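Novice: To start, I am sharing the structure in question, which I have written as C-alpha cells.
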C-alpha cells in the first residue's frame, strides 16, 4: 500500500516498500560502479604522470668500465676524464708526444740511410752527392749499420706507441671498475705470533699468522 509523509513544504507520496528496496540497491550499485569508474580513469592518469616523471634508471647510474674503455679507445685520455682521473691525461699525451717524435725522427733517418745505401750499393754515380753518401764517404758498411739501427728504433717506437695505447684503455677500464669500490676504514693487516703443531710433530712450533680484516 502507499503511504504519505508530510514535509515542511509539501506532501510526498512514497513508493511501496519493495520498490524502495530496489531503488536503494540500484543506488548502491551505481555508487560502486561510479567509484570503480573513477579508479579506472585515475589509473591511466597516474601512468601518464609517471611517464612524464620517470624514475631514474639505476643501471644508468653505474660507472661503466666498458664505456670508459670505448672512450679511451676512441680518444686516448677520454676514459680517464670519464673516471675523473684528470691528472693522468697530461701523462698520456706527453707519452704519445715523445713517441711520435721518435717515430718521425727514426723514420726519417731510416729513409735517409736506406736511400744512401741503395745509391752506393747500385753504384748510382749520378746521386753520389747525396748528403749521407758524402758524410759517410760512401762506406757501404756504415750506411747499412745506420739503416738497420734506425729501422730497429722505428719499429720499437711503433710497438711502444701501440703498448701505450693499449695501456691507456686498460687503465681506464680498471679505474672504472674500481670507481665505486668501497674501501672500509676497518681494513687492516696484523701479524701475530702463534704456537701450532705441524703435520705429525708432537711438539708445537712457532709461527706467524697474517690476518686481514675486512
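Nothing in this text is a laboratory measurement; each read-out follows from the coordinates by a stated rule. These figures come from a predicted structure and were not determined experimentally. Virtual Cβ from ideal backbone geometry, glycine too; neighbours counted across all protein chains shown.
Novice: Describe numerically, in nm with one decimal, the distance between label points set 7 Å from Cα along Cα→Cβ at residue 140 and at residue 122.
Specialist: If labels sit at residue 140 and residue 122, their model points lie 1.5 nm apart.
Novice: How big is the equivalent ellipsoid of the stretch 74-143 along its three axes, where each semi-axis is √(5λ) from the Cα gyration tensor, reported in whole Å from largest to smallest?
Specialist: Details: eigenvalues 396, 18, 11 Å².
Those come to 45, 10, 7 Å.
Novice: Another question, then. Remind me, relative contact order of the stretch 65-177 in percent, using alpha carbon pairs under 8 angstrom and six or more residues apart? Intermediate values should be presented prior to the final figure.
Specialist: On the way: 126 pairs, mean separation 47.4, N = 113.
Value for the stretch 65-177: 42 percent.
Novice: Moving to a separate point now. So if we plug the beta-carbon distance of residue 181 and residue 75 into 1/(1 + (r/R0)^6) with R0 = 35 Å, what FRET efficiency do we get, rounded to 0.05? Before the final figure, lay out each step's value.
Specialist: Working: r = 25 Å, r/R0 = 0.72.
The computed FRET efficiency comes out at 0.85.
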